[in-house]
Amino acid sequence: AKRSGRGVVRAFDESMDESIRFRRRIESGLSNAIAGGELSLVYQPIVARETLEITGFEALLRWHSPEYGMISPAMFIPIAEESNLIHELGDWVLETALAAVKAWPGQYVSVNFSPRQFRRQNFVGQVIERVQRSGVSPSRVQIEITETAIFDDAERAADTLYRLRQMGFRIALDDFGTGYSSLYNIRKFALDCLKIDRSFIDGMGRERESMAIVQSIIHLGRALGMEVVAEGVETQAQVETLRVAGCSHLQGYHLARPMPQDDADTLATARFIG
Ligand code: C2E
Ligand code: CA
Ligand code: CA
Ligand code: CA
């Protein structure tokens, strides 16, 4: 920008304005989205590799904005995360997921919580209250958090996870391998499940590094008695590689795409991916 002079700087400023305006519109759109019935959850099966039995479903948020159409949660969650909107969204997600899991014979529902939700004052109390009110057993609810949520304040996070696990909730560490986890910290957390980030599964066939990381995570998870879920499984070749590596659970388009509640209910009753 320095060398090409003022024109470039101005263009840059204008595009900044543009993106701030866009953010604000997303924010105000989102704050009406719940009341307006524009949100929904879709559910993606998590499957035992050997039997293809569905052990759970991950709940994934969808926003159909009247202004912009379908907007990816990867786009609007970070915006919600910067304001208190994330709490409103998160409460709606948990409430809706709890209603869904009641229709299934035994599978758990896996719910994503952003770092800010996780660090909310009295997070544990609020989750417990909601789940108790719904009548769903905590053992049928998995709490998915990322490394970012727990490694900022490891002591407090460890305490939060411990209390949730004491109540019977399942705890999964999402996008594992992409954050700042150290092996030293991992052992202090009460975890049931490691989810291997999609980027490593995607890289397995191409790069030795990805393959090595996938194998290490599987070994680590097994040694510590955790379930390991490979995310973003898209091909039969990946299923084979993960079988040889000893990965216990799979999630991805090759098994099933995220689907609306009705379809999830049907699959849950069938119990296996056909
Ligand atoms: P995530 O938690 O890592 O969720 C997995 C993402 O991978 C989902 O994207 C899912 O649709 C997608 N996916 C699943 N299988 C495959 C596959 O085989 N190939 C490919 N390419 N993608 C696959 P989605 O639904 O767009 O969600 C994006 C992110 O938004 C999530 O990543 C999560 O971080 C966040 N998110 C979604 N729903 C919620 C929510 O209710 N609360 C919070 N806090 N975050 C959410
Ligand atoms: Ca997730
Ligand atoms: Ca993930
Ligand atoms: Ca991810």
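Considering PRO105, PRO138, the condition of being away from ligand 4 (no atom under 16 Å from the Cβ) and in contact with a Phe, Trp or Tyr (Cβ under 8 Å, 6 or more places away or on another chain) is satisfied by PRO138 alone. Among the residues of the stretch 218-243, those that are open to solvent by less than 10 Å² (accessible area, probe 1.4 Å) and either outside any helix (DSSP H, G or I) or within 23 Å of SER182 (Cα to Cα) (or both) comprise ILE218, GLY221, VAL228, VAL229, ALA230, VAL233.
Okay, residues lined up against (1) modelled with pLDDT under 90; (2) in contact with a Cys (Cβ under 7 Å, 6 or more places away or on another chain); (3) of a type in the set (S, T, N, Q):
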{"residue": "GLU144", "(1), (2), (3)": "no, no, no"}
{"residue": "THR160", "(1), (2), (3)": "no, no, yes"}
{"residue": "ARG165", "(1), (2), (3)": "no, no, no"}
{"residue": "THR178", "(1), (2), (3)": "yes, no, yes"}
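Given the structure, is ARG187 touching a Gly at 6+ places or on another chain (Cβ under 8 Å), more than 12 Å from ligand 1 (Cβ to nearest atom) and either modelled with pLDDT of 95 or more or not acidic (Asp, Glu) (or both)? When the stated conditions are applied, ARG187 does not pass them. Quick one: is GLU144 charged (D, E, K, R) and either in a strand (DSSP E or B) or within 16 Å of ligand 3 (Cβ to nearest atom) (or both)? In short, yes.
Name the residue, out of MET204, MET167, that is over 20 Å from the mean Cα position of the chain (by Cα) and buried (at least 19 other Cβ atoms within 10 Å of the Cβ).
MET204
Picking from residues in the stretch 172-195 that are surrounded by fewer than 20 Cβ atoms within 10 Å (Cβ to Cβ) and either of a type in the set (Val, Ile, Thr) or assigned to a strand (DSSP E or B) (or both), the one that is nearest to ligand 2 (Cβ to nearest atom) is ASP175.
The values are calculated or read from the model by the stated rules, or taken from the named source; none is laboratory data. Quick caveat: nothing in here was measured; it's all calculated off a predicted structure. Here the Cβ is made from the backbone with ideal geometry for all residues, glycine too, and neighbour counts use every protein chain on show. For accessibility, only protein heavy atoms count, side chains too; no ligands or nucleic acids. Shrake-Rupley method; radii C 1.70, N 1.55, O 1.52, S 1.80 Å.
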